[in-house]
Amino acid sequence: ERLLELDWEYWEQGEELPAQLARVLSAQDQQTAQALFRLLERALPEVRGEMLEILCQMQYPPLLEAGFAKILEPSVEADEKQLWIEAVQQFGEKSAEKALALLPEQKDKQIQIILADILSYWPICGAFEQCLSLFEKADREQKAFYASCLGRLGDERAVETLTQALKDPTLDYYTYCAIRDAAEELGAWVEVDREFSGDKDYEIIKAAMLE
């Protein structure tokens with residue numbers, strides 16, 4: 001239709017739509033949304049973000065499934081993958097439900113992190129158990145991230161696991177702080193004394209505080 005043809009003239013040149021034109025497009029029906037969705041693959045990378053944002057505003061249901069397919073696809077570049085992550089997050093609780101369903105079958109650690117991050121903003125049934133399991137199984141380098149997921153979910157059942165993890169003598173300062181912060185966010189009173197002299201992050205922060 002003429003409206004999409006006009007929009008495409010901007011996008012074909014790598015230009016974003018004028019604000020008024022974008023508002024008009026986002027108010028169109030699902031048939032227009034379907035046509036816009038088909039244009040995505042032809043679009044230049046610099047305008048895909050705007051196109052996805054408009055599709056989210058149009059509440060186009062197939063975008064959720066397509067977005068997770070892109071997230072799971074190894075060949076998708078990081079910048080484009082981030083656009084799809086932001087798009088699926090616009091579906092709120094539905095995005096969390098999809099992430100929860102996909103997580104158990106994932107082996108790629110980076111995909112696990114992406115899905116857990118999406119999940120951690122919505123305390124749906126099963127979210128706590130999945131994030132707790134990922135925290136317990138995580139390598140030391142990923143403990144901090146999964147601790148933050150548990151803190152965000154807000155389930156106090158995580159406190160015991162988090163406070164026990166603080167006793168690990170191999171924790172670096174950054175990871176220790178992330179786990180401690182998550183535990184305290186959930187209401188814990190942390191009284192674990194640790195010495196971090198020589199730790200790179202600790203020494204940088206200490207030096208900055210003394211300036």
Q: Inspect segment 184-193 for any residue being out of contact with any Asp or Glu (no Cβ under 7 Å at 6 or more places or on another chain) and open to solvent by less than 30 Å² (accessible area, probe 1.4 Å) and give the result as yes or no.
A: yes
Q.
Among the residues in segment 39-47, are any in contact with a Leu (Cβ under 8 Å, 6 or more places away or on another chain) and of a type outside the set (D, E, K, R)?
A. yes
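Is it true that Thr175 is over 27 Å from Glu97 (Cβ atoms), open to solvent by less than 60 Å² (accessible area, probe 1.4 Å), of a type in the set (S, T, N, Q) and at pLDDT below 95? Write out each step before concluding.
Working: over 27 Å from Glu97 (Cβ atoms): yes; open to solvent by less than 60 Å² (accessible area, probe 1.4 Å): yes; of a type in the set (S, T, N, Q): yes; at pLDDT below 95: yes.
So Thr175 fits the description; yes.
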Q) Can you pull out the residues in segment 1-27 that are outside any helix (DSSP H, G or I) and open to solvent by less than 30 Å² (accessible area, probe 1.4 Å)? A) Gly14, Leu17
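Sort out for me the helices (runs of 4 or more DSSP H) sitting completely within segment 49-117 that have 2 or more residues that are in contact with a Cys (Cβ under 9 Å, 6 or more places away or on another chain). Let's see the steps before the verdict.
On the way: elements: 62-72, 78-89, 93-102.
Filter on segment 49-117 gives 78-89.
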Q | Candidate set from segment 80-113 (those that are more than 20 Å from Phe128 (Cβ to Cβ) and over 13 Å from the mean Cα position of the chain (by Cα)); member that is least open to solvent (accessible area, probe 1.4 Å) | A | Glu80
Q: Collect the residues in segment 114-127 that are surrounded by fewer than 20 Cβ atoms within 10 Å (Cβ to Cβ) and not β-branched (Val, Ile, Thr), keeping them in residue-number order.
A: Asp117, Tyr121, Trp122, Pro123, Cys125, Gly126
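Among the residues of segment 135-152, which ones are open to solvent by less than 20 Å² (accessible area, probe 1.4 Å) and part of a helix (DSSP H, G or I)?
Residues of segment 135-152 that are open to solvent by less than 20 Å² (accessible area, probe 1.4 Å), as a first pass: 135, 138, 144, 146-147, 149-151.
Phe135, Ala144, Tyr146, Ala147, Cys149, Leu150, Gly151 - these are the residues of segment 135-152 that are open to solvent by less than 20 Å² (accessible area, probe 1.4 Å) and part of a helix (DSSP H, G or I).
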(Q) Going residue by residue through segment 76-85, is there one that turns out to be closer than 20 Å to Phe145 by Cβ, in contact with an Asp or Glu (Cβ under 7 Å, 6 or more places away or on another chain) and hydrophobic (A, V, I, L, M, F, W, C)? (A) no
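The values are calculated or read from the model by the stated rules, or taken from the named source; none is laboratory data. Please read all numbers here as calculations on a predicted model, not as lab measurements. All Cβ positions, even for glycine, are placed from backbone atoms using ideal geometry, and neighbour counts span all protein chains on display. The protein model used for the area step is the full one, side chains on, heavy atoms only, and it has no ligands, DNA or RNA in it. Shrake-Rupley method; radii C 1.70, N 1.55, O 1.52, S 1.80 Å.
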